[in-house]
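The values are calculated or read from the model by the stated rules, or taken from the named source; none is laboratory data. As the structure is a prediction and not an experimental result, all values here were calculated from the model. Cβ placement follows ideal geometry from the backbone for every residue including glycine, while neighbour counts extend to all protein chains displayed. The accessibility values were calculated without ligands, DNA or RNA, using every heavy atom of the protein model including side chains. Shrake-Rupley method; radii C 1.70, N 1.55, O 1.52, S 1.80 Å.
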Amino acid sequence: MISSPVTGSVRFAQKNRQLTSSPGQFFIELSNLPYEFYHLQQVSLYVIKVPLALLTPQMGTIERQFARSLSIDEGAGRLLVFQIRQILELIQQHRLAALEVKILEQQLLNLIVLTLSAPKEVMMSSSSSIQSVHLKRIEHYVHLHLENPALTPAMVAAACHISVRYLHKLFAELPYSFSEWVKELRLKQANHILKTKSYVTIDEVAHRVGYGDQGYFSRIYKQHFGYTPRDTPSTGTR
């Protein structure tokens, strides 16, 4: 969820991060994690719920910026708030066709991603920029080697020319550990393979995402998605 105070200030805390957000700022809440949200006076806010599935390619950027107070005083942030207001007015004053709603949703999502891709705080911090480069390198390497069951922090750190300690430090800024993140990537890739029917057996799928034990793979897959690999709905495309 993306929240922006219109009047008053709010305080927000999630996974060891705390912030105070006032008019002219916005912040990201990860709705799948516990959080605290409170205010000492009456406030009004814009709140946008964005399904994570719509932002999968940008999740690395978004998750790095959760629970931070970001500026909307200039640039893409100001455009974001302006477009939110315009959309609210359109919804209140007109009946929009389904296609019109979809177009507005996509425009808004594009602007959200643009705003988060280069927030003012990150652009002014050489340290954050360096960390971002390392994380992108890690993401690229892991995506290319998901089928390797021995994808350990030591292996990834060595391939990316950083220490294991520094790798874990990078992930300490995120809402998940390195191992949790790799597990999530493996399951998402398996889900994609199963949905597109680009496989022969479930055992093959398990091996393609780094699991040598089909039984274990099927168990954690069902825990994550709520259905078994064999029951995964098909998209009908390859």
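A compact table of results
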quantity	calculated
Matching entry among Thr196, Thr201, Thr115 (being modelled with pLDDT of 90 or more and not acidic (Asp, Glu))	Thr201
Leu30 vs. criteria hydrophobic (A, V, I, L, M, F, W, C), under 18 Å from Glu173 (Cα atoms) and modelled with pLDDT of 85 or more	no
All positions within the range 139-189 that are over 17 Å from Gly210 (Cβ atoms) and outside any loop (DSSP other than H, G, I, E, B)	Ala157, Ala158, Val164, Arg165, Tyr166, Leu167, His168, Lys169, Leu170, Phe171, Ala172
Some residue of the range 34-41 being within 28 Å of Val133 (Cα to Cα), modelled with pLDDT of 70 or more and either of a type in the set (Asp, Glu) or part of a helix (DSSP H, G or I) (or both)	no
Residue ID - surrounded by the fewest Cβ atoms within 10 Å (Cβ to Cβ), chosen from residues in the range 212-238 that are in contact (Cβ under 8 Å) with a residue 24 or more places away in the chain and in a helix (DSSP H, G or I)	Arg230
Inter-residue pairs, beta-carbon under 8 Å, first closer than 28 Å to Asp231 by Cα and hydrophobic (A, V, I, L, M, F, W, C) and in the range 165-193, second part of a helix (DSSP H, G or I) and modelled with pLDDT under 90, 6+ apart	Trp181/Phe171; Leu185/His143
Residues that are buried (at least 20 other Cβ atoms within 10 Å of the Cβ) and either on the phi > 0 side of the Ramachandran plot or of a type in the set (S, T, N, Q) (or both), drawn from the range 1-13	Ser4
Complete set of residues in the range 140-191 that are within 22 Å of Val205 (Cβ to Cβ) and acidic (Asp, Glu)	Glu147, Glu180, Glu184
Some residue of the range 191-211 being open to solvent by 40 Å² or more (accessible area, probe 1.4 Å), within 22 Å of the chain's Cα centre (by Cα) and hydroxyl-bearing (Ser, Thr, Tyr)	no
